[in-house]
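What follows is a single structure, written as structure tokens, with notes after it.
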């Protein structure tokens, strides 16, 4: 585990989308430079926690992981939360939990997600494997190459199915908006989340709200990590100036 102090840099807590592990965010450490200590969340059922049973409920996942996440961040650490798709609603649930544990949550950046009270109409959970993968590919706009290899697919599929189930069944633990600024991001060709749905996050905060788009579909962040981090940097600077 990295030093809690880590040179006094604020933390960027990255909460993964369905099926993803912390390694997706490892390249962001170099892209982030001296701006943040990038801290990816590692959920059960993937990478180092592969043998653990994946969660099937967002609220349960947030509550059970909050202590270990807060310990890794360190009490008093200035923290920006980022989450894409499933990660967006999980990050939203983590805001009050981490704040109650002494983490200084300064901002929530949500990506590729409607407001937390809006559920998907078209779903993938419960479909047979091939139909499930086809639906997920349709939703995401791309197919991960690992899914074309039977051995890898067998390893990845259980966590991906559990993630989709908990995302599609998600109901917020509270109707109360978070007391930190929210920035909602979206790919301008996202066929899963409309611009109006992404702007619903305006009602999820008592603080400032910003909406921004990037070129691309639902998984725009695969190709636009640097630009995305620049926007997060602008948001963080905006918050610092307001202090």
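Just so you know, all these numbers are worked out from the coordinates, no wet-lab data involved. Since we're looking at a predicted model, the values are computed, not measured. Using ideal geometry, Cβ is built from the backbone for each residue, glycine included, and neighbour counts are taken over all protein chains shown.
Output the 0 to 90 degree angle, nearest 10, between the alpha-carbon long axis of helix 58-73 and the longest principal axis computed from the alpha carbons of the chain.
50
Can you give me the relative contact order of the chain as a percent, contacts being Cα pairs under 8 Å and 6 or more apart?
Across the chain, relative contact order equals 20 percent.
Fewest to most neighbouring Cβ within 10 Å: what's the order for 224, 149?
Sorted ascending by nearby Cβ count, the order is 149, 224.
Using a Förster distance of 45 Å, how high is the FRET efficiency between residue 196 and residue 155, based on the Cβ-Cβ distance and rounded to 0.05? Display every interim value, and only then the final one.
Working: r = 37 Å, r/R0 = 0.83.
After rounding to 0.05, the efficiency reads 0.75.
Zone of residue 188 (label point 7 Å along Cα→Cβ, backbone N under 16 Å): which residues in segment 81-122?
No residue qualifies, since no backbone N sits under 16 Å from the label point.
For Rg/Rh (Cα atoms, Kirkwood Rh), the listed values are [x] 0.96; [y] 0.94; [z] 0.99; which was obtained by calculation from the structure presented?
From the options [x] 0.96; [y] 0.94; [z] 0.99, the structure gives [y].
Take residue 51 and residue 223, extend 7 Å from each Cα along the Cα→Cβ direction, and tell me the distance between the two endpoints in nm.
Inter-label distance under the simple model: 4.0 nm.
Taking only DSSP H segments of four or more residues, each worth -39500 (n - 2.57), what value at 222 nm results for the chain once the sum is divided by all its residues, to the nearest 500 deg cm²/dmol?
Computed mean residue ellipticity for the chain: -12000 deg cm²/dmol.
Under a GNM of the chain (C-alpha, springs under 10 Å), which listed residue has the highest mean-square fluctuation: 111, 174, 85?
174
Taking the 0 to 90 degree range and rounding to the nearest ten, how far is the long axis of helix 225-242 tilted relative to the main principal axis of the chain, both from C-alpha atoms?
30
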